[in-house]
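Heads up: the structure comes next, in C-alpha cells.
The values are calculated or read from the model by the stated rules, or taken from the named source; none is laboratory data. The shown structure was predicted, so the numbers you read here are calculated from the model rather than taken from an experiment. Cβ: placed from backbone, ideal geometry, glycine included. Neighbour counts: every protein chain shown. Areas reflect the complete protein model, heavy atoms only, side chains present, ligands, DNA and RNA absent. Shrake-Rupley method; radii C 1.70, N 1.55, O 1.52, S 1.80 Å.
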Amino acid sequence: MTPPSPPPDASHSFRSVAPVLALCWLAVFFDGMDVNIYGAVMPHMLDDEGLGLTPAIAGTIGSWTTSGMLVGALVAGNVTDWIGRRATIIASVILFSAGSAVCALAASTGPFGAGRFGAGLGLGGLMPICLAMVLEFAPPRRAALATGLLMTSYHGGGMAATGLGLWIAPDHGWRWVFWAGVLPAVIAVPLLLRWFPESPAVLLARGRRAEADAVAVRYGMAPPRPAEAPPGGARGRLEAVLALFRPGSRWATPLLWGASFCGLLLVYGVSTWLPQLMRAAGYGLTSSVSFLMVINAGGILGMLVAGRTADRFGAVRVSALWFVLTALGALLLREELAIGVTYVVVFVTGVFLFSAQAMVYAATDTVYPAAERATGLGWVTGVGRTGAVVGPWLGGALVANGAESWGFLMFAAAGLTGAAMIALVPLAARIGRPAVPAGGAAPVTGS
C-alpha cells in the first residue's frame with residue numbers, strides 16, 4: 001500500500017523551484033535545436049554534391065540519430081545510478097555538442113552519420129532525466145503544466161534551428177549551422193555546473209540524507225521519503241524495471257510504450273522530413289523550411305494549452321484527443337491548399353502534434369510512484385525512440401521512391417494509433433490493480 005503523500009508545502013511553488021526548471025528548460029532548448037538542425041538544413045545538404053547525400057541516405061542517417069537517442073535513453077538510468085542526475089545532464093549536453101562539431105567537419109556521409117549518432121546518445125540521455133527532475137521539483141498537482149512548460153523549450157530550440165537554417169545556410173553553407181550546435185557546451189554547461197542541484201531523491205538513495213534535506217529546504221520542497229528514492233546498484237536497477245510490470249501497471253506499461261512510439265514517430269518524422277515533403281508538394285525552398293518554424297511555434301502554444309488542460313482534465317484524455325487532432329491535420333496537409341491556409345494548418349497541427357507526446361510523458365506520473373518515475377520515464381522515452389528511428393527512415397524511403405504524399409498518411413495513422421493506446425491506459429491500470437482486501441484501501445496507481 002502506498003503511504004499517503006505529505007501535505008503540500010505553501011512555499012513549494014513555481015517561483016521557489018524556478019532556477020531548476022529554468023536550467024532544465026535551457027538544456028532542452030538546445031536539445032530541440034540540435035534535433036531540428038538536420039531537418040532545417042537538409043534541402044541544402046541534398047544540394048551539396050560534394051557531400052554525396054541522397055534522400056535514402058538522409059533517412060538512414062536520421063535513423064542513426066534516433067538510434068543513438070534510443071541507446072542514450074535506455075542507458076541514462078544506469079549512468080545516473082553511477083554519477084547522479086546532475087552529472088548525467090551535463091555529460092549529455094557535452095556529448096551532443098561534440099556530435100555537432102563532428103558533423104560540421106564531416107567531408108562525407110559516413111563521418112556525418114557518426115556525428116549524428118554520437119549527438120543522439122547525448123540527446124537521448126538528456127530528455128528523460130530532465131523530465132524526471134522537472135516532475136520531482138514541480139509543485140504539487142502541477143506535473144502536467146510543468147511538463148508542458150519544459151517542452152516549450154524543445155520547440156523554441158526547433159524554431160531557433162529553423163531560423164539558423166534560413167539565415168546562415170543560404171549564404172554561408174549548412175556546416176556553419178552545425179557549428180552553432182556547439183554553443184550548448186559553451187553556454188549551458190557552465191551554468192549547469194554552477195547552479196544545477198542534484199536530485200534530493202537520488203541523494204537520499206545514496207544515504208546522504210542531510211544533503212537531500214538541504215536541497216529540499218532550499219527549493220521549498222517537502223523532504224524526500226525513502227519510498228521516493230530510486231533503487232541503486234545493478235540489482236536495484238533490475239528491480240526498478242521489473243516494478244514497471246507490477247499489478248496496476250503491467251498492462252499500462254506496454255500501452256505507454258506504444259503511445260510513445262507513435263508520438264515520437266510523429267515528432268521526429270515531421271522534424272526531419274516536413275521541409276522536404278512540402279518542397280516535393282510544390283512549395284519553394286524558403287517556404288518549405290519556414291513550415292518547420294511555424295509547426296514548432298504551434299508546438300509552443302500547444303504545450304502551454306495542453307499542460308493547463310491536462311492539470312484539469314487529465315493527461316490521458318488530453319493526449320488521446322491531441323493525437324486524433326494531429327491525424328486530422330496530417331490528412332489536411334495532403335490537400336492542395338492556398339499558401340496562407342497551409343501555414344494555418346501547419347501551425348494548428350503543431351499545437352497538437354508535439355504536446356500529444358508530451359502528455360504521454362505526463363501520464364506516467366499517474367501510473368508510476370515516485371521511486372519508479374525516472375525508470376518508467378526512461379523506458380517510455382527509450383522504447384518510444386524506436387518510433388523516432390522508424391519515422392525518419394520511413395520518410396526517407398517514401399521520398400526516395402517519389403511517394404511523398406504517403407508521408408502524411410503515415411503521420412495520420414500514427415496519430416490514430418497513439419490515441420487508441422493512450423486512451424486505454426486507465427482501463428489497463430484498473431484491470432491490473434490487485435483486489436482490495438476487506439476493510440483495506442486500494443493501492444494508488446493513478447488513473
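General observations
- If you go through segment 352-382 and keep only what is open to solvent by 40 Å² or more (accessible area, probe 1.4 Å) and not in a helix (DSSP H, G or I), you end up with just Pro369.
To keep it simple, each residue is scored yes or no on (1) among the hydroxyl-bearing types (Ser, Thr, Tyr); (2) crowded, with 22+ Cβ neighbours inside 10 Å.
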residue	(1), (2)
Gly50	no, no
Leu53	no, no
Ile61	no, yes
Thr66	yes, yes
Ala73	no, yes
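- Of all the listed residues (Thr326, Thr309, Thr349), the sole one being in contact with a Phe, Trp or Tyr (Cβ under 8 Å, 6 or more places away or on another chain) and either in a helix (DSSP H, G or I) or open to solvent by less than 10 Å² (accessible area, probe 1.4 Å) (or both) is Thr326.
- Scanning segment 79-99 for residues that are in contact with a Leu (Cβ under 9 Å, 6 or more places away or on another chain), assigned to a helix (DSSP H, G or I) and either touching a residue at least 40 places away in the same chain (Cβ under 8 Å) or open to solvent by less than 20 Å² (accessible area, probe 1.4 Å) (or both) gives Arg86, Thr88, Ile89, Ile90, Ser92, Val93, Phe96, Ser97, Gly99.
- So Arg218, is it open to solvent by 70 Å² or more (accessible area, probe 1.4 Å), in contact with a helix residue (DSSP H, G or I) (Cβ under 9 Å, 6 or more places away or on another chain), among the basic types (Lys, Arg) and farther than 22 Å from Val294 by Cα: no
- Some residue of segment 124-145 being outside any loop (DSSP other than H, G, I, E, B), of a type outside the set (A, V, I, L, M, F, W, C), over 17 Å from the mean Cα position of the chain (by Cα) and closer than 30 Å to Leu46 by Cα: no
- Taking the criterion of being aliphatic (A, V, I, L, M) and in a helix (DSSP H, G or I), the residues of segment 201-226 that qualify are Ala201, Val202, Leu203, Leu204, Ala205, Ala210, Ala212, Ala214, Val215, Ala216, Val217.
- Single condition Phe117 does not satisfy, out of (1) surrounded by fewer than 24 Cβ atoms within 10 Å (Cβ to Cβ); (2) farther than 17 Å from Pro392 by Cα; (3) at pLDDT 85 or above: (2)
- Which listed residue is at pLDDT below 90 and either farther than 20 Å from Thr386 by Cα or in contact with a helix residue (DSSP H, G or I) (Cβ under 9 Å, 6 or more places away or on another chain) (or both), from Ala76, Ala104, Ala87: Ala76
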